[in-house]
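The structure appears below as structure tokens.
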Amino acid sequence: MDNLTKLNLDDYKPLRDVVFENLREAILEGKLKPGQRLMEVQLAEQLGVSRTPVREAIRKLELEGLVIMLPRKGAYVANMSLKDILDVLEIRASLEGLAASLAAERISEDDLKRLELIAKDFEKSADSADVEELLRKDVEFHECIFKATNNKKLHQLINSLWEQVYRFRVTYISDYDSSVSIICEHKSILDAIKKGDTEMAKKYATEHIEKAEQFMIEKAMNNKDI
């Protein structure tokens, strides 16, 4: 765990929230790896804080599914199995279908223009094979749809699920055929939202996630190391 650095404390946030966000980011970015034990004392020393906010952050990470607690052994970074990933994607398919349907009803003109720009930027990033930018633009595309639902609870729920499969998303979006397919899928979702077609928006958004699910199944069949 020597890849963590001391926190730059934000005066506007409680310390426990700053520690939680830092540890969550470290897990999602792979600085803290699946199966790695989280030692409160070591983490507190590296982050320059006491053990209490670290303990609170670990408990919160457990609730998000990013950390598991083993009796008499302590806390470990969760190692998601193929079944775990497929379970999350199954839920996401339904929720993202709902989000796209609501967005088709409620999206503002400004958000619609922004969604169009993001879709174009994603396509440019695919042409240049910039994986980091692809990930960023894919997040922005979906975030714009979630925001357009005007339903904060739905937005929060989907974001929590996204974080649980972050490492998978890197694998999926790095695949050339997948990134090309995503361009077409984004366009279909965008066109349906633009027309205010709630049923087609729901259909395309659901299929978008189901294709990611199929990718994982095929990858697992061809290569056990996912």
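Values as computed for the structure displayed
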{"item": "Difference of contour (0.36 nm per residue) and Cα-Cα distance, LEU82 to MET39", "result": "12.8 nm"}
{"item": "Share of carbon and sulfur in the accessible heavy-atom surface of the chain [1.4 Å probe, %]", "result": "49 percent"}
{"item": "By accessible area with a 1.4 Å probe, ligands and nucleic acids excluded, highest first: order of ASP110, ASP138", "result": "ASP110, ASP138"}
{"item": "Percentage relative contact order, the chain, counting C-alpha pairs under 8 Å, at least six apart", "result": "23 percent"}
{"item": "Cα long-axis angle, helix 109-127 against the chain (0 to 90 degrees, to the nearest 10)", "result": "80 degrees"}
{"item": "Debye, to nearest 20: dipole size of the chain, +1 on Lys, Arg Cβ, -1 on Asp, Glu Cβ", "result": "860 debye"}
{"item": "Distance cut-off 28 Å, percentage of C-alpha pairs in region 44-190 lying past it", "result": "31 percent"}
{"item": "For LEU70, net neighbour charge (Lys/Arg +1, Asp/Glu -1) across residues whose Cβ lies under 15 Å away", "result": "+2"}
{"item": "Rounded FRET efficiency, nearest 0.05, which uses the C-beta distance separating GLU21 from LYS120 and R0 of 30 Å", "result": "0.45"}
{"item": "Whole-Hz couplings from phi, Karplus 6.51/-1.76/1.60, listed for region 143-153; x for Gly and Pro", "result": "4, 5, 5, 4, 4, 5, 5, 6, 10, 5, 5"}
{"item": "Degrees separating the helix 82-106 axis from the principal Cα axis of the chain, which is the longest one", "result": "50 degrees"}
{"item": "Placed amide H near VAL67: partners under 5 Å, 5+ positions off or other chain", "result": "GLU62, ALA78"}
{"item": "Normalised contact order of region 6-124, rounded percent, pairs of Cα under 8 Å and 6 or more residues apart", "result": "23 percent"}
{"item": "Segment GLU132-ILE183, extension gain: residue separation times 0.36 nm, minus the distance between their alpha carbons", "result": "16.8 nm"}
{"item": "Cα-based helix-to-principal-axis angle, 176-195 vs the chain, degrees rounded to 10", "result": "60 degrees"}
{"item": "Cα-based equivalent ellipsoid, region 167-226: semi-axes from gyration tensor eigenvalues, Å", "result": "26, 11, 7"}
{"item": "Span from the region 160-197 Cα centroid across to the region 52-124 one, whole angstrom", "result": "13 Å"}
{"item": "Heavy-atom accessible area per residue - region 151-226, 1.4 Å, Å²", "result": "57 Å²"}
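The values are calculated or read from the model by the stated rules, or taken from the named source; none is laboratory data. Note that the structure is a prediction, hence the values are computed from the model and not measured. Heads up, the Cβs are rebuilt from the backbone with ideal geometry, glycines too, and the neighbour counts pull from every protein chain shown. When the accessible area is computed, the model is the full protein with side chains, heavy atoms only, and any ligands, DNA or RNA have been set aside. Shrake-Rupley method; radii C 1.70, N 1.55, O 1.52, S 1.80 Å.
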